[in-house]
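Shown next, in structure tokens, is the structure this report addresses.
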Number of protein chains: 2
Amino acid sequence: MNSFTEENYLKAIFKLSLGSNKDVSTNAIAEQLDTRASSVTDMIKKLSDKKLVKHVKYKGVSLTGSGKKIAVSIVRSHRLWEVFLAEKLHFKWDEVHEFAEELEHIKSDELTERLDAFLGFPKHDPHGDPIPDKEGNINRHKDITVANLKLNEKGVIVGVKDHSKSYLKYLERLDLILGTEIEVKDVVDFDLSITLSVNETFSVSISNQASKNLIVKKLK
Amino acid sequence: MNSFTEENYLKAIFKLSLGSNKDVSTNAIAEQLDTRASSVTDMIKKLSDKKLVKHVKYKGVSLTGSGKKIAVSIVRSHRLWEVFLAEKLHFKWDEVHEFAEELEHIKSDELTERLDAFLGFPKHDPHGDPIPDKEGNINRHKDITVANLKLNEKGVIVGVKDHSKSYLKYLERLDLILGTEIEVKDVVDFDLSITLSVNETFSVSISNQASKNLIVKKLK
DNA sequence: AACATTTTTTAGACTTGTCTAAAAAATGTT
DNA sequence: AACATTTTTTAGACAAGTCTAAAAAATGTT
Ligand SMILES: [Mn+2]
Ligand SMILES: [Mn+2]
Ligand SMILES: [Mn+2]
Ligand SMILES: [Mn+2]
């Protein structure tokens with residue numbers, strides 16, 4: 001069995017390897033987990049002994065097959081619990097993550113599968129992130145953001161790239177929640193801020209920083 | 001904040017103080033938590049520094065007001081999670097305890113209250129144990145067991161005193177589950193084994209060991 | 001290629017919770 | 001009351017995970 005701490009390292013390495021297929025650096029992990037590089041080196045040694053990561057000294061680290069399997073199963077459990085907390089216990093989307101960080105470590109395949117069934121096999125968590133299936137397959141949506149949309153193009157909000165409480169609360173205040181339909185009405189070339197029409201009911205202007213973290217599915 | 005370990009000690013002391021109001025012994029705690037007396041002494045020192053227990057050297061330990069409050073809130077959370085696991089995820093009553101041992105430590109009053117509401121404010125857990133209310137009040141049912149019933153007396157099963165997997169599975173196999181109506185049809189004076197009529201449909205014979213762990217509400 | 005900066009690893013220490021072995025106190029027995 | 005047994009505490013050690021400070025390796029710059 002792996003400790004909570006080991007699981008959190010595996011999850012961090014998994015997150016940092018998404019997208020690029022380069023090895024993950026010690027410092028990146030340290031920052032992700034808010035710890036020191038020396039602590040990371042120690043833990044990498046341990047995970048390496050357990051064959052959960054591959055490590056070349058001074059070069060970087062990557063997950064092995066079994067390491068990745070564990071990481072994905074934790075992500076799956078995390079996101080299912082987030083769905084439970086949001087849909088069943090009516091927590092807001094900026095509140096679910098902290099609880100899920102703890103719930104995810106209650107490891108039992110049986111528990112996860114039953115939770116999945118109870119929730120009706122959801123495909124996405126409250127932030128639009130895909131829930132890996134039992135076999136660990138993940139359907140990532142392509143990262144088209146509001147910032148990528150051109151004038152007069154339409155989209156539906158399907159996710160966020162920034163998961164911070166402040167960003168999520170800000171979006172909720174503007175009704176920019178999952179499923180919302182938006183249309184680009186104006187782009188200011190000076191600072192790339194964008195004015196959106198929301199659900200064809202009202203307009204709102206958001207910064208480039210905000211628009212490039214809001215994932216959409218383009219509507220024809 | 002208290003660690004999982006500290007919480008488990010508080011819970012153990014709470015359980016051991018139920019019924020009798022004598023102080024709890026170091027050895028009793030060690031046995032309950034499957035650890036050594038010396039470890040218990042160490043932890044008692046720590047909990048005592050935090051004013052969660054009162055300790056007189058060589059005499060024994062008891063919970064303070066705040067220690068008891070924490071212990072009860074963990075019991076509340078534990079039993080609510082057990083209800084969730086049994087009713088919503090359809091785990092059997094001999095399977096829920098282990099998961100609840102982990103879930104109970106996800107401490108957040110808000111989470112507990114929402115879970116309580118989601119479950120419809122249950123009064124008892126899947127083993128018939130009372131769920132403490134938000135203020136920590138517990139409605140213990142009085143301990144009348146099948147062994148206390150006289151010939152031809154009737155009762156409804158409302159709880160168990162032994163929570164072991166083997167006992168719970170055994171009872172389930174005999175359909176001696178919560179809510180079942182039973183009537184004492186025969187008592188063997190040699191070994192105190194009892195023959196029961198179950199739900200007025202069939203008969204079964206159980207040992208004294210089994211009958212004195214099965215809590216009933218007597219029916220007139 | 002030589003020097004400067006950044007990144008990573010090592011060395012050694014600290015905290016939490018555990019253990020064994022031994023000492024001290026309490027309890028039981030004659 | 002004296003001795004034996006049991007219970008509890010103390011002393012000292014260990015594993016997990018963390019930290020700071022310093023050494024080693026890699027990378028960047030002239
Ligand atoms: Mn999350
Ligand atoms: Mn999420
Ligand atoms: Mn239980
Ligand atoms: Mn129970």
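The values are calculated or read from the model by the stated rules, or taken from the named source; none is laboratory data. As the structure is a computational prediction, the values presented were derived from the model and not from experiment. No Cβ is skipped: glycine too gets one built from the backbone with ideal geometry, and neighbour counts run over all protein chains shown. Ligands, DNA and RNA are stripped out before the accessible areas are found, and what is left, the full protein with its side chains, is counted by its heavy atoms. Shrake-Rupley method; radii C 1.70, N 1.55, O 1.52, S 1.80 Å.
One table, with the values for the structure above:
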{"read-out": "B:TRP93 accessible area, assembled protein chains, probe 1.4 Å, Å²", "value": "20 Å²"}
{"read-out": "B:LYS57 versus B:LYS45: modelled label distance in nm, points set 7 Å from Cα along the beta carbon direction", "value": "1.1 nm"}
{"read-out": "Over the stretch B:60-167: Rg over Rh, Cα atoms, Kirkwood Rh", "value": "1.01"}
{"read-out": "Formal net charge of residues neighbouring B:LYS161 (Cβ-Cβ distance under 11 Å; K, R +1; D, E -1)", "value": "-2"}
{"read-out": "Sum of side-chain charges, A:TRP93 neighbourhood, beta-carbon under 10 Å (Lys, Arg +1; Asp, Glu -1)", "value": "-2"}
{"read-out": "For B:THR5, label point 7 Å along C-beta direction: distances to other copies, nm", "value": "1.2"}
{"read-out": "Inter-site label distance for A:SER203 and B:GLU98 at 7 Å from Cα along Cβ, in nm", "value": "6.1 nm"}
{"read-out": "Kirkwood Rh, Cα atoms: Rg over Rh of chain B", "value": "1.02"}
{"read-out": "Stretchable slack from B:ARG173 to B:ASN27, in nm (0.36 nm times residue separation minus alpha-carbon distance)", "value": "49.0 nm"}
{"read-out": "From the C-alpha gyration tensor of the protein assembly as shown, square roots of 5λ in Å", "value": "51, 28, 21"}
{"read-out": "Degrees, to the nearest 10: A:37-49 long Cα axis against longest axis of chain A", "value": "60 degrees"}
{"read-out": "Size of the stretch B:138-220 as Cα extents on the principal axes (Å, biggest first)", "value": "34, 29, 25"}
{"read-out": "Accessible area (Å², per residue) of the stretch B:1-110, counting only protein heavy atoms and a probe of 1.4 Å", "value": "53 Å²"}
{"read-out": "Acute angle (nearest 10 degrees) that the helix B:109-118 long axis makes with the longest principal axis of chain B, alpha-carbon atoms", "value": "20 degrees"}
{"read-out": "Å³ per residue enclosed by the Cα convex hull of the stretch A:4-63", "value": "70 Å³"}
{"read-out": "Net charge dipole size for the stretch B:4-63 [Lys, Arg +1 and Asp, Glu -1 on Cβ; Debye, nearest 20]", "value": "260 debye"}
{"read-out": "Segment A:ILE138-A:PHE190, extension gain: residue separation times 0.36 nm, minus the distance between their alpha carbons", "value": "14.9 nm"}
{"read-out": "Ranking by accessible area, most exposed first, for B:HIS90, A:HIS105, A:HIS141 with a 1.4 Å probe", "value": "B:HIS90, A:HIS141, A:HIS105"}
{"read-out": "Cβ charges +1 (Lys, Arg) and -1 (Asp, Glu), total dipole of chain A, debye", "value": "940 debye"}
{"read-out": "Gaussian network model of chain B, springs between alpha carbon atoms under 10 Å - residue of B:GLY19, B:GLY128, B:GLY65 with greatest fluctuation", "value": "B:GLY19"}
{"read-out": "Estimated 222 nm signal from helices in chain A, with DSSP H stretches of n ≥ 4 weighted -39500 (n - 2.57), rounded to 500", "value": "-11500 deg cm²/dmol"}
{"read-out": "Unit charges on C-beta of K, R, D, E only; dipole of the stretch A:144-219, Debye", "value": "280 debye"}
{"read-out": "Ascending list, in nanometres, of distances separating the A:SER166 label from those of the other copies (7 Å, Cα toward Cβ)", "value": "5.9"}
{"read-out": "Taking the stretch B:144-219 and dividing mean pair separation by its residue count, relative contact order in percent (alpha carbons under 8 Å, at least six apart)", "value": "45 percent"}
{"read-out": "Protein accessible area in the stretch B:110-162, 1.4 Å probe - carbon and sulfur %", "value": "49 percent"}
{"read-out": "Degrees between helix A:4-17 axis and first principal axis of chain A (Cα, 0 to 90, nearest 10)", "value": "50 degrees"}
{"read-out": "Exam field: B:PHE190 pseudo-label spacings to other copies (7 Å along Cα-Cβ), nanometres", "value": "10.1"}
